[in-house]
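The values are calculated or read from the model by the stated rules, or taken from the named source; none is laboratory data. All of these numbers come straight from a predicted model, not from anything done at the bench. Note: ideal-geometry Cβ built from the backbone for every residue, glycine included; neighbour counts use all protein chains shown.
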Amino acid sequence: MHHPPLLGFAAYSGTGKTTLLEQLIPRLKASGLRIGLIKQTHHDFEIDHPGKDSHRLRVAGAAQTLIASSRRWALIGENGEAREPQLPELVSRLDGNQLDLILVEGFKHQPFPKIELHRPDLGREPLHPHDPSIIAVATDRELKPSPTIPVLTLNDPDQITRFILAWHQRIPSE
């Protein structure tokens, strides 16, 4: 089984992770990469709607519900116990043979390659000085002191795309 590399986007809430990913995914796809995405949320969420058959069956007690149509499918799993999901477990649920790269939004404290998004105006301390798995920082202001890792322009998705593509090419294939 092929295990595509993971690349995370680590930042505090409100920094613009989702907005940046919305810009990066089409660019990476246009370059020929097949992209998977894992998004961590700290909120209860529903992707299935009350009243729909699939929701009714899940609520009735199905541990996993797979909804499929000619255009897409979704697998909804119940954790059974309230616990934070583990990144390796989530990665194993993706079909690595269909992907070249898995982007991860969240899991900022897990040790895997990440780009930090940092906006100094938000008043939060940067993550990169304390996390050796951060490979670059994307920011909208000059950082003092200057990081020892690459600094990218947060509002330049083309530059960040080029960085990701160059990083991806350097990863040994399995």
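Of the residues contained in the stretch 148-168, none is found to be of a type in the set (Asp, Glu), under 17 Å from Arg119 (Cα atoms) and in contact with a helix residue (DSSP H, G or I) (Cβ under 9 Å, 6 or more places away or on another chain). Only a single item in (1) over 18 Å from Glu22 (Cα atoms); (2) assigned to a helix (DSSP H, G or I); (3) of a type outside the set (Val, Ile, Thr); (4) free of Cβ contacts under 8 Å to residues at least 12 places away in the same chain is not met by Arg162, and it is number (1). Reported count of residues in the stretch 107-133, each being in contact (Cβ under 8 Å) with a residue 24 or more places away in the chain and not in a loop (DSSP other than H, G, I, E, B), is 6. Selection of the stretch 69-106 for residues being free of Cβ contacts under 8 Å to residues at least 12 places away in the same chain, farther than 13 Å from Ile38 by Cα and either among the charged types (D, E, K, R) or part of a loop (DSSP other than H, G, I, E, B) (or both) yields Ser69, Ser70, Arg71, Arg72, Asn79, Glu81, Ala82, Arg83, Glu84. Among the residues making up the stretch 86-106, those that are surrounded by 15 or more Cβ atoms within 10 Å (Cβ to Cβ) and either out of contact with any Gly (no Cβ under 6 Å at 6 or more places or on another chain) or not assigned by TED's automatic domain parsing to the domain that holds Glu22 (or both) are Leu87, Leu90, Val91, Gly96, Asp100, Leu101, Leu103, Glu105, Gly106.
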